[in-house]
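What follows is a single structure, written as structure tokens, with notes after it.
The values are calculated or read from the model by the stated rules, or taken from the named source; none is laboratory data. What you see is a predicted model; the values in this text were computed from it and never measured. Backbone-built Cβ (ideal geometry, glycine too); neighbour counts: all protein chains shown.
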Amino acid sequence: AQSVTQLDSQVPVFEEAPVELRCNYSSSVSVYLFWYVQYPNQGLQLLLKYLSGSTLVKGINGFEAEFNKSQTSFHLRKPSVHISDTAEYFCAVSDRGGFKTIFGAGTRLFVKA
Amino acid sequence: EAQVTQNPRYLITVTGKKLTVTCSQNMNHEYMSWYRQDPGLGLRQIYYSMNVEVTDKGDVPEGYKVSRKEKRNFPLILESPSPNQTSLYFCASSLLVVGGASTGELFFGEGSRLTVL
């Protein structure tokens, strides 16, 4: 069975500051890893994904994440955030068949001016 | 435009009154899935379907039914809604690649907010 833990439920940060949203997972099999973003009153959209290969993954809107197999982590980072990055971010893991995706509880990023 | 469309977007109903939330995708995806989103719990999978007439339970299937008679549609049925089914529901779809596996990348609808009184 897989599980996902997002270590922070809320992260307030000032505009143009760097941010890291933390995600740890557990699984007995190899997995795919994802970060999704949910803007207010919208569905989720994919930010980035790790399937295989390079452990540093770049996504949309300047976000990147690093897969660390030994620490079973997939933390999301952005060097300089904007007000428009205010949203809820979900880390997710799926088995390699891709049929069951488990989501974390979400981290609400709040960017202040 | 590639999209997943859910209807209704908002619904208030009463306990026991059967309802259906429709989901349609225009991307020719084989895989479709329903999730519910509750505060502090993230998204939990209700049911999923790998193709027409192939469905399976997710983590929280109790009180829900689904059907997959056409590739593009995957309706969620609440036969006798109860207040604990008040939630935000999302439909999602994904492409299956050669060999029948999925990359796991999900495309989501905009959500259906259901309130059961």
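A few notes on this one:
- Enumeration of residues in region A:31-54 that are surrounded by 10 or more Cβ atoms within 10 Å (Cβ to Cβ) and among the hydroxyl-bearing types (Ser, Thr, Tyr): A:Tyr32, A:Tyr36, A:Tyr39, A:Tyr50
- Residue satisfying condition, being modelled with pLDDT under 95, within 11 Å of the chain's Cα centre (by Cα) and of a type in the set (S, T, N, Q), within set B:Ser49, B:Ser67, B:Ser24: B:Ser49
- Residue in region B:1-16 that is away from chain A (no Cβ under 14 Å), surrounded by fewer than 17 Cβ atoms within 10 Å (Cβ to Cβ), without any contact (Cβ under 8 Å) to a residue 40 or more places away in the chain and not acidic (Asp, Glu) present: no
- Taken as a whole, the condition of being surrounded by fewer than 20 Cβ atoms within 10 Å (Cβ to Cβ) and out of contact with any Ser or Thr (no Cβ under 8 Å at 6 or more places or on another chain) does not apply to A:Ser26.
- When residues of region A:24-54 are limited to those that are assigned to a loop (DSSP other than H, G, I, E, B) and under 17 Å from A:Ala65 (Cα atoms), the one nearest to the other protein chains (Cβ to nearest Cβ): A:Leu51
- When region A:73-99 is filtered for residues that are assigned to a strand (DSSP E or B), touching a residue at least 60 places away in the same chain (Cβ under 8 Å) and away from chain B (no Cβ under 14 Å), only A:Lys78 remains.
- Number of positions in region B:65-98 that are touching a Gly at 6+ places or on another chain (Cβ under 9 Å) and of a type in the set (Phe, Trp, Tyr): 2
- Selected residue (criterion: farthest from B:Thr103 (Cα to Cα)) from residues of region A:35-45 that are at pLDDT 95 or above and hydrophobic (A, V, I, L, M, F, W, C): A:Val37
- Single condition A:Pro12 does not satisfy, out of (1) closer than 30 Å to B:Cys23 by Cβ; (2) modelled with pLDDT of 95 or more: (1)
- Scoring A:Ser70 on the criteria (1) within 11 Å of chain B (Cβ to nearest Cβ); (2) assigned to a loop (DSSP other than H, G, I, E, B) leaves a single failure, condition (1).
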